Amino acid sequence: MRFDRFCPLLARLGRALGLLRSLTRSAGACGHALLALACLSLPAGAEEPWYKIEVLVFAHTSPAALKEQDWRALEIPRRADAIELGNNGNGAYQRLPANNLVLTAEKNRLTEEADYHTLFHGAWYQPVGDAASALPVRLRGGKLMPNNAYELDGYVTLDLDEYLNIHPDLYYSFKAPAGSGASDDKILSANLKTSRRIEVDEIHYIDHPLFGMLVVIQR
C-alpha cells in the first residue's frame, strides 16, 4: 500500500487507519465482482473504460485544527456540467449499496475517534475518458448548516491519460470557532483543491488541515 504523502494529520489518525493494508489487499477481488455487474449496463460500442470510485471524506474537528489558520467564508462554485449521484445502485453515477463499500471499517474507526466525523462516504461506477471529456461529480454530505449549505459540498473529477488522475475541489463549511473574532453564527469554509495521480486498487490519502479524503479506485 502506498500513500501519496505522509503528513501530520495522517499521523494523528494512528490506530484509526490501521486497517488500510488489509483493505487494500481485499479491494481488488471485491471490485472485479462488482464491475462484472455494472458492465451489464454498458451501452454497446462504449469505448471509455469504467471504474468504481469510492470516497471517504472526514473532518478533523479539534479546536487546535480550527485555529491553525485564519479561515474565511468562501463561495462554493456552481458547476452547470456537474453530475449528481443517483441512489438506485445500477449503472453509471449511481451510489452503490453499503455492502459494496470497502472503506467501511475505516469509517467505523474514525467514528470512534472524538476529533473526527464523517462528511461523505459513497461509491459509484463511471466511465473515465480524457481531460477534455471529463465531467465533475458533485459530492454533498454532513450536517445541514444554518445557511442551508451542507458541511461538505464540491466536486470530484477523474480523467485518464497515461495515468488515472483525480481532481477534488471540495469545500468544508463550519461555524466560526470561539475566540476567532467572527460572530458565533458566521459560517467559514476550507477548500481542498488539488490533482493527484491514482494507482488502481490502492488506497490514497489526500490531506488538508481541517479535513481529509480517502479514495480507492478499482476496475
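From Asp161, Asp153, Asp201, Asp207, grab the single residue that is surrounded by fewer than 15 Cβ atoms within 10 Å (Cβ to Cβ) and touching a residue at least 12 places away in the same chain (Cβ under 8 Å).
On the way: Asp153 fails: surrounded by fewer than 15 Cβ atoms within 10 Å (Cβ to Cβ); Asp201 fails: surrounded by fewer than 15 Cβ atoms within 10 Å (Cβ to Cβ); Asp207 fails: surrounded by fewer than 15 Cβ atoms within 10 Å (Cβ to Cβ).
Among Asp161, Asp153, Asp201, Asp207, only Asp161 is surrounded by fewer than 15 Cβ atoms within 10 Å (Cβ to Cβ) and touching a residue at least 12 places away in the same chain (Cβ under 8 Å).
Within the range 109-131, take every residue that is over 19 Å from Glu151 (Cβ atoms) and modelled with pLDDT under 95 and give me the one that is surrounded by the fewest Cβ atoms within 10 Å (Cβ to Cβ). Don't jump to the end; show me each part of the working.
First pass over the range 109-131, keeping only residues over 19 Å from Glu151 (Cβ atoms): 109, 112, 123-131.
Now drop any that are not modelled with pLDDT under 95, which leaves 109, 112.
Numbers: Arg109: 19, Glu112: 9.
The residue in question is Glu112.
Considering only residues that are modelled with pLDDT under 95 and either of a type in the set (Lys, Arg) or touching a Gly at 6+ places or on another chain (Cβ under 8 Å) (or both), which ones fall in the range 192-219?
The one that is modelled with pLDDT under 95 and either of a type in the set (Lys, Arg) or touching a Gly at 6+ places or on another chain (Cβ under 8 Å) (or both): Arg219.
The values are calculated or read from the model by the stated rules, or taken from the named source; none is laboratory data. All values reported here derive from a predicted model rather than from experimental measurement. Don't worry about glycine lacking a Cβ; one is built from the backbone with ideal geometry, like all the others, and counts go over all protein chains shown.
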